[in-house]
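Have a look at this one.
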Amino acid sequence: MTGNRVTTDVSTANNRIGATLFEKFTDPLEAASLKILRYDNSKEAFDEFEVSKDRKSGLWTIPSHESYPADASKQMADAATLFVGLKVIDVASEKRSDQTLFGVVEPNKQKEAEGGEGVGMLVQLRDEKGEMLADLIIGKEVDGKKRFVRVPSEDLIYVCELDSAPLTTEFKSWIEPDLLKLSSNDIETIGVRDYQIVPTEQGMVLSRNYEADLTFSSTANQWIANRITSFEAGSPAEKVIGAEEQLNSVKLNEIKNTLDNLKIADVTKKPSGLAADLKGDKSVLSNEALTSLARRGFYPNPNQKDGSVVDFYSKSGELQVTLNDGVQYLLRFGGSASADINEAAEDGKEDSVSINRFLLVTARLDESKYPQPQLEKVPESVEELKSLEALKEAAGAASAAPAVSAPGTGETAPPPVSEPTPAPTEQPKTDAPSDKPASETTPAEPPAEPKPAEDPKSDQASVRVPNGKLIATVQEGNTVADPAATPAQEPTATPAPASTETKPSAQEITDEEWKERLEAARERITKENTRKIEQREEKMNAAKSKVNELNRRFADWYYVISEADFNKLRVAQKDLVQPKTAAAGAGESGLPGGVSLPGLPIQP
């Protein structure tokens with residue numbers, strides 16, 4: 001940590017006031033690596049952190065954490081900017097003996113046993129070639145943002161204005177902390193696999209508590225239990241939710257929100273030979289790798305049948321989370337994680353003061369979300385096309401006769417039949433010839449208006465031709481809505497034709513026309529079927545690509561999450577189903593008597 005120092009030729013202390021400490025460092029983007037070494041009093045050990053940029057790929061990694069990918073561009077720029085143009089405000093001391101007083105003793109890992117009294121934080125910035133850009137020991141605070149500092153090669157202790165907040169060694173500050181990168185609104189199902197791996201005198205034993213598959217219905221805004229299986233009695237038993245019970249939606253919603261905000265606290269690299277799905281080849285996995293897994297709470301399946309592949313169970317159960325696009329996360333919860341994994345963990349005992357938990361994450365695709373589309377049959381011959389069109393025409397005719405509601409009633413009336421409309425009971429005589437002048441033919445009383453047959457239940461009557469087509473509507477008061485459509489004339493007793501359509505019959509279409517129709521139908525149906533297939537493949541391939549991207553992130557790492565988040569993601573069987581409260585006595589649907597919405601039952 002002390003090589004390639006920047007040496008400053010100091011003549012007198014006063015000449016340094018107002019000087020720039022690192023004159024050659026003018027562009028923060030030149031910084032390609034940052035190293036920080038400080039003494040952590042809470043751990044009573046040195047804390048070393050490093051972040052650097054790969055010269056070829058340009059990607060940032062964290063060498064101090066086994067080169068885990070860093071999201072460090074902005075953080076690095078903020079840290080490097082602190083040292084560009086950093087000026088000396090004052091000189092605190094020229095004596096080496098004052099270094100402990102001002103907290104600028106250079107950290108030395110070889111002297112860790114001596115403690116951290118007076119030890120400062122060493123910060124080094126280098127460019128892509130490894131040349132030193134800035135090298136400084138940061139000591140105690142002076143009036144807020146001012147700090148005592150010292151260049152390692154000098155005895156002079158300066159006062160500079162320096163905010164050390166960007167110089168954090170907290171791992172999660174330098175990475176993308178969002179572990180799963182999902183939205184709670186996209187979560188469709190949660191599968192709980194509540195079990196433990198318990199150490200016994202005969203070895204590790206798998207102890208199952210219960211399993212549950214739960215679906216969130218966004219339309220009903222409620223949780224539905226597809227299956228709850230209990231193993232408490234030693235054999236599987238299905239749990240049936242009673243009429244006075246309900247799922248604990250508060251707890252299940254908390255799980256959704258925790259998954260959305262699940263943060264990485266730390267990482268550790270997995271041993272080689274272990275695949276992303278946590279299955280390993282016995283010929284590759286060494287005893288050292290198996291020990292590494294066991295220390296973190298991941299054990300070989302005690303009921304393993306295949307002798308060549310090692311399948312693992314996790315100490316504290318699993319959670320299966322499926323999104324509406326079919327992407328499924330498998331979260332396996334291991335043992336407790338502390339700063340130093342003690343040897344007791346190898347015996348299955350947990351550190352009682354641990355505040356973190358090991359977690360392994362994998363992703364896969366639930367292809368049941370992408371069923372094969374229903375494709376329309378492509379006719380191979382004219383005869384087949386005729387049969388298909390006849391079937392469509394019959395189906396269309398069956399669905400083209402909608403039920404009609406009688407006006408003023410809630411009852412459904414049958415569709416009109418093709419019968420002649422009855423003649424009015426009283427006819428006007430305006431068409432009768434007269435040999436008297438118009439002035440003499442005025443009757444004493446005006447002739448009665450023609451009245452169509454009326455429905456006694458209705459305020460209006462409809463006049464229909466025998467094929468059921470409405471041609472006029474007579475409102476209350478016998479006013480004709482469309483006089484032009486109902487000329488005053490004697491009704492004819494001859495029924496109107498059943499249909500006025502001019503669609504050619506099958507016999508009127510020539511063989512050549514049938515062939516043309518066949519080709520057009522084949523082209524149309526083929527295009528539509530291809531569109532359906534391509535649409536399914538496009539969506540499924542997008543989901544597969546997402547799964548592959550996630551597994552590239554997850555494949556090499558044990559993750560560490562906070563114990564608080566771990567507890568939020570767990571739900572005991574006794575807490576999964578609860579009695580309906582007084583407020584929820586009407587049922588989650590809000591209907592009286594606890595009636596559920598049709599089509600959304602709670603299944604056992």
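The values are calculated or read from the model by the stated rules, or taken from the named source; none is laboratory data. Predicted model, so just to flag it, every value in this text is computed and none were measured. Cβ: placed from backbone, ideal geometry, glycine included. Neighbour counts: every protein chain shown.
When you scan segment 69-90, how many residues do you find that are touching a helix residue (DSSP H, G or I) at 6+ places or on another chain (Cβ under 6 Å) and either within 21 Å of Ala13 (Cβ to Cβ) or not assigned by TED's automatic domain parsing to the domain that holds Leu162 (or both)?
Residues meeting the conditions: 1.
On to the next question. In segment 133-149, which residue that is in contact with a helix residue (DSSP H, G or I) (Cβ under 7 Å, 6 or more places away or on another chain) and buried (at least 17 other Cβ atoms within 10 Å of the Cβ) is nearest to Lys87 (Cα to Cα)?
So, considering only residues that are in contact with a helix residue (DSSP H, G or I) (Cβ under 7 Å, 6 or more places away or on another chain) and buried (at least 17 other Cβ atoms within 10 Å of the Cβ), the one nearest to Lys87 (Cα to Cα) is Phe148.
Against the condition farther than 30 Å from Ala220 by Cα, surrounded by fewer than 19 Cβ atoms within 10 Å (Cβ to Cβ), at pLDDT 90 or above and assigned by TED's automatic domain parsing to the domain that holds Leu86, how does Glu112 come out, does it pass?
Spelling it out, it is not the case that Glu112 is farther than 30 Å from Ala220 by Cα, surrounded by fewer than 19 Cβ atoms within 10 Å (Cβ to Cβ), at pLDDT 90 or above and assigned by TED's automatic domain parsing to the domain that holds Leu86.
Return a yes/no flag: does segment 85-104 have any residue that is farther than 22 Å from Val142 by Cβ, touching a residue at least 12 places away in the same chain (Cβ under 8 Å), crowded, with 16+ Cβ neighbours inside 10 Å and more than 32 Å from the chain's Cα centre (by Cα).
Scanning segment 85-104 turns up no residue that is farther than 22 Å from Val142 by Cβ, touching a residue at least 12 places away in the same chain (Cβ under 8 Å), crowded, with 16+ Cβ neighbours inside 10 Å and more than 32 Å from the chain's Cα centre (by Cα).
Output the number of residues of segment 549-571 satisfying the condition of being within 19 Å of Asp186 (Cα to Cα) and either of a type in the set (A, V, I, L, M) or not assigned by TED's automatic domain parsing to the domain that holds Phe333 (or both).
Total meeting the criteria: 2.
Continuing with this model, one more query. Whether any residue in segment 548-558 is within 23 Å of Gly334 (Cα to Cα), among the basic types (Lys, Arg) and surrounded by 14 or more Cβ atoms within 10 Å (Cβ to Cβ) is what I want to check.
yes
For segment 49-83, which positions are aliphatic (A, V, I, L, M) and over 28 Å from Leu21 (Cα atoms)?
Answer for segment 49-83, where residues must be aliphatic (A, V, I, L, M) and over 28 Å from Leu21 (Cα atoms): Leu59, Ala70.
Could we say that Ala212 is of a type in the set (Gly, Ala, Ser), assigned by TED's automatic domain parsing to the domain that holds Ile355 and under 17 Å from Tyr329 (Cα atoms) here?
For Ala212, the condition - of a type in the set (Gly, Ala, Ser), assigned by TED's automatic domain parsing to the domain that holds Ile355 and under 17 Å from Tyr329 (Cα atoms) - is met.
Could you grab the pairs with beta carbons closer than 7 Å, sequence gap of 6+ or different chains, first residue in segment 110-126 and at positive phi, second one in a strand (DSSP E or B) and not acidic (Asp, Glu)?
Note: pairs meeting the criteria are Gly118/Val105.
Something else: Looking at (1) surrounded by fewer than 18 Cβ atoms within 10 Å (Cβ to Cβ); (2) more than 35 Å from the chain's Cα centre (by Cα); (3) among the hydrophobic types (A, V, I, L, M, F, W, C), find the lone condition where Leu59 falls short.
For Leu59, the failing item is (2).
What tally of residues in segment 87-120 results from selecting those that are in contact with a strand residue (DSSP E or B) (Cβ under 7 Å, 6 or more places away or on another chain) and assigned to a loop (DSSP other than H, G, I, E, B)?
9
Residue by residue, here is whether (1) closer than 19 Å to Ile89 by Cα; (2) aliphatic (A, V, I, L, M) holds:
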{"site": "Glu114", "(1), (2)": "no, no"}
{"site": "Glu131", "(1), (2)": "no, no"}
{"site": "Leu136", "(1), (2)": "yes, yes"}
{"site": "Lys140", "(1), (2)": "yes, no"}
{"site": "Asp155", "(1), (2)": "yes, no"}
{"site": "Glu161", "(1), (2)": "yes, no"}
{"site": "Pro166", "(1), (2)": "no, no"}
{"site": "Glu176", "(1), (2)": "no, no"}
{"site": "Thr189", "(1), (2)": "no, no"}
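Now for a different question. Take segment 553-571 and flag every residue that is within 24 Å of Tyr210 (Cα to Cα) and under 20 Å from the mean Cα position of the chain (by Cα).
Ile561, Asp565, Phe566, Lys568, Leu569, Arg570, listed by residue number.
I've got another one for you. Here is a list: Ser368, Ser352, Ser336. Which entry is assigned to a strand (DSSP E or B) and modelled with pLDDT under 95?
Ser336
Moving on. Considering only residues that are in contact with a Leu (Cβ under 6 Å, 6 or more places away or on another chain) and at pLDDT 90 or above, look in segment 260-303 and name the one that is farthest from Tyr68 (Cα to Cα).
Top of the filtered list is Leu262.
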